[in-house]
């Protein structure tokens, strides 16, 4: 009975999942260039030279590389995109 219930739940989750292409998300990486300690904001520059920011300095350092999952905010312009998650990748 438990296996059947687990299979039904798994099937419901798999068939109701939204395909990744419909989520309009993309990956972005950049190098940390500045901190705003007063407001706990990290600034980083991506490969195109755009500056992005997120909250949570924690133990990051200038020069660290961060990887982000971004949402395009359902627009064609990059300037209003939203950072969904950030992860430390390493240093150069």
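All of the numbers you see were taken from the coordinates with simple rules; none came from a lab. Since we're looking at a predicted model, the values are computed, not measured. We place every Cβ from the backbone using ideal geometry, glycine too, and count neighbours over all the protein chains shown.
Here each label is just a point 7 Å from Cα along the line to Cβ, and for residue 80 and residue 61 those points are 3.9 nm apart. Take the Cα of residue 91, step 7 Å toward its Cβ, do the same at residue 34, and the gap between the two points is 2.2 nm.
Mind checking the full-extension length gain between residue 51 and residue 25? Use 0.36 nm per residue of separation minus the Cα-Cα distance, one decimal, nm. Working it through step by step, the gained length comes to 7.5 nm. Across every pair of non-identical alpha carbons in segment 27-92, the mean reciprocal distance, once inverted, gives a Kirkwood radius of 12.0 Å.
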